[in-house]
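What follows draws every value from the coordinates through simple rules; no lab data is involved. Every value quoted in this text rests on a predicted model; they were computed, and no experiment measured them. Every residue, glycine among them, receives a Cβ derived from its backbone with ideal geometry; neighbour counts consider all protein chains shown.
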Amino acid sequence: MSSVGRMKLVGNLVCNIAIFLIALYAINTPATAQNLINSLTVLDTYLKSTQSGKADFTQVVTSPAKTNPNTDEKTIPKVKTSTGTFEFVRPNRFKFSYKKPFEQTIVADGTTLWLYDLDLNQVTAKKQSQTLGSTPAALIASAPNLKALEAQFKLQNAPDADGLQWVLASPKQADGQIQSIKVGLKTGSDKSVSLSVLEILDSFGQHSRMTFSNAQLNPKFAPDTFKFIPPAGVDVIR
């Protein structure tokens, strides 16, 4: 992938990154029948009970199929898979550490959003409030409950599938980059709630699915966990 393509990929991640703050961990215990209640209520419980977390993630991004204007045949969608780890503390600190296929680190320290591409030897620094504050996704990152989400999203119960309860969120802001968000919720046998899967459809027709494993609920982090210092010798773009 060219450096331009890589940076475009990082840019897309910035637009969507706050969404993933609520998608932190998955509990593998299947939900019991008595726990299957309204999905919106389950989402509200999750938001209120989760203040921090960490997990491994796998992200699969699928490009939309395109039609060849000369033959009217559709091209095969491109699929990109990334893996890494994610940590967060509400409402404004998080870290994505992408391991494969390219090493990238994205850190929000509460003031600055840092994007470090190891292969490009480059760091991009942006004001966190300007980068995330103007997007509907930022509301999810800091939302303490369902009512806060409803200010920016139309929320609907979606049919249960894959052992999960689903909520469909459609941004009320029509000119945003996100078309829809689906969150797959799991209620454990101890009635704890986790968000196992996050699906995003953007305005370009690109579909992103993120799943989580090896999760930890409300862990304690060291004070410098979300501190980022650019490595010596890298280009820093502000």
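Numbers at a glance
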quantity	calculated
Summed residue charge, Cβ within 10 Å of THR124's Cβ, Lys/Arg positive, Asp/Glu negative	0
Theoretical gain in end-to-end length, GLU150 to LYS126 [0.36 nm per residue, Cα-Cα removed]	5.9 nm
Under 17 Å from the Cα of LYS126 - aspartates and glutamates, other chains or at least 8 residues apart	ASP109, ASP117, ASP235
Residues THR111, THR225, sorted so that the one with the fewest Cβ neighbours within 10 Å comes first	THR111, THR225
Which of VAL61, VAL234 has the fewest Cβ neighbours within 10 Å, and the rest in rising order	VAL234, VAL61
For segment 56-118, diffusion coefficient by Stokes-Einstein and Kirkwood Rh (Cα), 4 °C, 1.567 mPa s, µm²/s	93
Least to most buried among PHE88, PHE221 (fewest other Cβ within 10 Å first)	PHE221, PHE88
Estimated FRET transfer efficiency (THR105, GLN179; beta-carbon r; R0 22 Å; 0.05)	0.20
Potential lengthening between ASP235 and VAL79 on full extension [0.36 nm per residue; Cα-Cα distance subtracted]	53.2 nm
